[in-house]
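So the structure is just underneath, and the comments pick up after that.
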Amino acid sequence: MRRPDRFLLYLGANLAIMAAMFAHSFVSTQNPEQVFAKKIELVKRYGLTDLCIFTEARYTRHPSQADLNTPFQDYPLSFEHFPSGSIIAPPGHLRSGMTHE
Amino acid sequence: MNSRLEVQRNILDFTLSSLLRRKAKNSILILVFTLVVFMLASIIFFTNAVKREAVAVLKNSPDMVVQRLSAGRHDLIPSEYIGTIKEMKGVVSVKGRHWGYYFEPAASANFTLVVPEDGGEDGKIVTGKGVSRTMRAGEGDILPLKSYKGEWVVLAIKGVLKSDSELVSSDLIEISEKDFRKLFGISQDSFTDIAVTVKNPKETLTIAKKIKESFPDTRPILRSEVLRTYDSLFNWRSGLLLLIAAGAVFAFIIFAFDRASGLSAEERREIGILKAIGWETSDVIAFKFWEGSVISLSSFMAGIILAYFHVFFAYAPLFEPVLKGWAVLYPEFRLVPFIDPFQIATLFFLTVLPYTAATIIPSWRSAVVDPDRIMRSQ
């Protein structure tokens with residue numbers, strides 16, 4: 001097999017894997033209610049409001065419930081000292097002010 | 001038609017030989033390009049999947065949560081607020097909720113304690129997988145927690161939540177209302193916050209305003225705000241995206257700039273020789289187009305495929321130290337592979353096209369010059 005044919009075959013194989021990726025994604029997300037059934041059940045049972053990604057500080061564990069003074073938790077000029085607080089942006093409703101105030 | 005295809009095939013053959021002659025340099029180039037695409041694609045896959053999953057799961061959270069604020073901080077809410085809110089028009093149900101945090105000094109981990117709607121079973125708890133992993137305790141074991149008085153409250157683990165729900169439950173401990181009150185010394189007439197269910201979702205904002213008017217020390221948080229939170233947490237301006245994306249984009253700009261700023265003496269000589277032996281300018285441009293495409297396409301596809309496996313099959317291990325921060329308890333969650341073809345297309349247009357263009361332009365400049373002059377200028 002000539003070199004260009006081998007290269008095109010390699011590109012074709014990559015394309016096939018990418019097509020398989022899309023197919024996998026499509027199949028896995030077809031029915032969200034079923035896919036997330038267990039998580040939805042827990043959200044309903046406990047009335048959960050946040051995902052458990054960052055457990056180091058209360059305002060990163062429950063960003064949607066965070067105090068309005070977040071991230072100045074300790075005093076108004078304090079620096080953010082939890083790494084995850086620097087990774088994520090503040091929730092939109094904290095930045096723009098509450099719409100229902 | 002076939003002869004034109006054959007010409008392109010021959011040019012591609014020549015391009016591959018040319019790339020293989022500078023094997024070390026081009027291998028490094030492909031490796032770095034692949035890493036840039038891999039990092040960007042991993043971030044895109046991860047943040048998009050978290051956002052989509054947050055919306056799918058948290059749309060079942062309470063319509064509205066009412067917190068009480070005291071001195072700018074979330075405080076316990078008295079039970080008499082419940083009666084007043086219940087009487088407001090359009091409110092279907094109002095429930096006082098108990099939840100809080102417990103810092104476990106032995107493991108230096110934070111747990112979230114929640115009381116289920118049915119009140120739970122006294123003396124028994126259900127833990128999240130992360131709690132079980134951190135405390136090395138499973139079903140049938142006991143977990144002593146220290147109360148506000150410094151006394152131990154011994155709780156038996158009656159179950160561990162399954163690992164496929166870790167993204168919402170990893171640090172949870174389901175505890176009974178009585179044990180919760182005993183642990184934190186919370187009186188019978190206080191709750192952590194209040195969950196409000198509204199009859200018509202369109203009226204949620206009006207009811208929130210009414211609550212705020214009746215109780216100025218409260219802060220209603222609507223479900224729409226909860227859902228928006230995860231969109232803004234991981235938008236392009238968030239630190240995670242901005243830091244990694246900025247690093248990758250700058251690396252890529254250096255890359256493309258290196259290509260666009262001019263050709264090496266060896267590359268110019270190569271073009272001069274090709275022109276001298278009869279190659280047309282269009283052939284030289286085709287040769288450089290293939291050169292750019294071979295490098296950028298191979299790297300792009302490899303980067304995307306590796307990123308997919310990294311995020312959706314390997315639990316994104318490269319992000320773990322970043323996401324973990326100082327936390328001891330880190331959820332091991334497997335994201336559902338939501339991928340957005342538009343984002344992949346954007347990444348393609350931002351990486352493959354500029355790189356290929358940056359390869360062609362200086363070559364075109366050299367290819368239109370007299371070959372004799374190119375070779376003499378060495």
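The values are calculated or read from the model by the stated rules, or taken from the named source; none is laboratory data. Keep in mind it's a predicted model, so treat the numbers as computed, not measured. Virtual Cβ from ideal backbone geometry, glycine too; neighbours counted across all protein chains shown. Ligands, DNA and RNA are excluded from the accessible area calculation, which covers all protein heavy atoms including side chains. Shrake-Rupley method; radii C 1.70, N 1.55, O 1.52, S 1.80 Å.
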Amide H neighbours of B:Leu69 under 5 Å, at least 5 residues apart or on other chains, H built in the peptide plane: list them.
-> B:Asp75, B:Thr218, B:Arg219
May I ask you to work out the translational diffusion coefficient for chain B at 20 °C, viscosity 1.002 mPa s, via Stokes-Einstein with Rh from the Kirkwood sum over Cα pairs, reported in whole µm²/s?
-> 83
Descending semi-axes in Å of the protein assembly as shown, equivalent ellipsoid built from Cα gyration tensor = 58, 22, 20
Which percent of the accessible heavy-atom area of chain B goes to carbon and sulfur, probe 1.4 angstrom?
-> 60
Find the eigenvalues of the gyration tensor of the Cα atoms of region B:59-121, then list the square roots of 5 times those eigenvalues as equivalent ellipsoid semi-axes, largest first, in whole angstrom.
-> 27, 16, 11
Which whole DSSP H helices in chain B pass both tests: a Cα extent of 24 Å or more along the axis and a mean Kyte-Doolittle value no lower than 0.0?
-> B:23-58, B:239-260, B:281-312, B:341-367
Roughly how many Å is it from the Cα centre of region A:1-65 to that of region B:1-52, as a whole number?
-> 25
Rounded to the nearest 10 Å², the accessible area of B:Ser147 using a 1.4 Å probe with every protein chain kept is 10
Proximal lysines relative to B:Lys129, as straight alpha-carbon distance under 24 Å, when same-chain residues fewer than 8 apart are discounted | A:Lys38, A:Lys39, A:Lys44, B:Lys51, B:Lys59, B:Lys146, B:Lys158, B:Lys162, B:Lys178, B:Lys324
So for A:Ser28, B:Ser187, what's the accessible-area order with a 1.4 Å probe, most first?
-> B:Ser187, A:Ser28
When you take every Cα atom in region B:62-222, what is the radius of gyration, and what is Dmax, the widest Cα pair distance, in Å?
-> 17.2, 49
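Rank these by accessible area, largest first, 1.4 Å probe: B:Ile157, B:Ile44.
Accessible-area ranking of B:Ile157, B:Ile44, largest first: B:Ile44, B:Ile157.
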The correct ranking of B:Arg68, B:Arg22, A:Arg2, B:Arg334 by accessible area at 1.4 Å, largest first, is B:Arg334, A:Arg2, B:Arg68, B:Arg22
Any idea of the accessible area per residue across chain B, 1.4 Å probe, to the nearest Å²?
-> 46
Treating the Cα atoms of region B:237-378 as identical point scatterers in vacuum, please give the log10 of the normalised Debye intensity I(q)/I(0) at q = 0.13, 0.18, 0.22 Å⁻¹, two decimals.
-> -0.71, -1.05, -1.34
Quote to one decimal, in nm, the extra length available between B:Trp364 and B:Thr197 on full extension: 0.36 nm per residue of separation minus the C-alpha distance between them.
-> 53.4 nm
Determine how large the accessible area of B:Met135 is when every protein chain is in place; take a 1.4 Å probe and give Å² rounded to the nearest 10.
-> 50
In peptide B:94-105, how many Cβ atoms from other protein chains are near each Cβ within 10 Å, on average?
-> 1
Note to self, chain B gives a 222 nm [θ] from helices alone (DSSP H runs n ≥ 4, -39500 (n - 2.57) apiece, / all residues, nearest 500) of -18000 deg cm²/dmol
Expressed in square angstrom to the nearest 10, the accessible area of A:Tyr59 with a 1.4 Å probe stands at 20
